[in-house]
Structures are given as C-alpha cells and as structure tokens.
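Heads up: the structure comes next, in structure tokens.
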Amino acid sequence: VQLQASGGGLVQAGGSLRLSCAASGSTLSSYTMAWFRQAPGKEREFIASIRWSGGTTQYADSVKGRFTISKDTAKSTVYLQMDSLKPEDTATYYCAAGRTIWSTARDSQYYPYWGQGTLVTVSS
C-alpha cells in the first residue's frame, strides 16, 4: 500500500483544514486507516481511525468533536477534516494503513504503511 498525504498548511487558531490521504497498490477492504501526528520533541500521537469496511471511527479525546475522519471509497482516499484548530494542533500529520484489529487501532506499531507526512501549523 502506498499512501500520499496532502492538505497541510498554515492556519489561524479557530480555522479549518482538510487533510487528504490517497491510497494505492492494494484493495483496502480489510484495512484500517488512521491519522497520527507528531509535534517537535514529542512522541507520535494517535488522532483518528476508520475501518475501510463499514466506516466505524474512533478519535483521540484531544480532537473529539473538532476533527472528523471520513473516506471516499471510489477515490481510495481518507480525509481528516480539522475544525476549531488550536495552536497545540501544530504538528506533522501522517496517514497510516494496516490490517489491525479495532482494539489496537490507536497503536502506531500495528500500521506497516505510512504516508510521508504533511505539516499543519496553527498560529495564535
């Protein structure tokens, strides 16, 4: 599976961005897709995940109610709609794919495929 992330940029606090992750190279029906982020000097952090089959989602508490993960099956693309952005959301955002079970979908070690990362900067 190859993943290509895009959509990052500079936004003011309170603003919105939508990240995209285009997947190719494999049928995704058995995969879980996820977004993680990593701020400078911090560990990689789980943000959201979605089951490709069925569309079940889960979110980190830090973004619940502000971020929405979704997918477009026809385009093999996963999105992360980010609203009400805060300066602490500043990080490089990565999309990931893996045949992980749902109970481990927040753990980055269960995702063997990663996109290149896209930088999101939120100014105060």
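Checking every residue in the range 27-39 against the condition of being at pLDDT 95 or above, open to solvent by 60 Å² or more (accessible area, probe 1.4 Å) and not in a strand (DSSP E or B) gives zero matches. If you go through the range 103-116 and keep only what is surrounded by 12 or more Cβ atoms within 10 Å (Cβ to Cβ) and not in a loop (DSSP other than H, G, I, E, B), you end up with THR104, SER108, TYR110, TYR113, TRP114. How many residues does the range 81-124 hold that are out of contact with any Leu (no Cβ under 7 Å at 6 or more places or on another chain) and among the hydroxyl-bearing types (Ser, Thr, Tyr)? Summing the residues that are out of contact with any Leu (no Cβ under 7 Å at 6 or more places or on another chain) and among the hydroxyl-bearing types (Ser, Thr, Tyr) in the range 81-124 gives 10.
The values are calculated or read from the model by the stated rules, or taken from the named source; none is laboratory data. Predicted model, so just to flag it, every value in this text is computed and none were measured. Because the Cβ atoms are built from the backbone with ideal geometry, glycine has one as well, and the counts that use them run over all protein chains shown. The accessibility values were calculated without ligands, DNA or RNA, using every heavy atom of the protein model including side chains. Shrake-Rupley method; radii C 1.70, N 1.55, O 1.52, S 1.80 Å.
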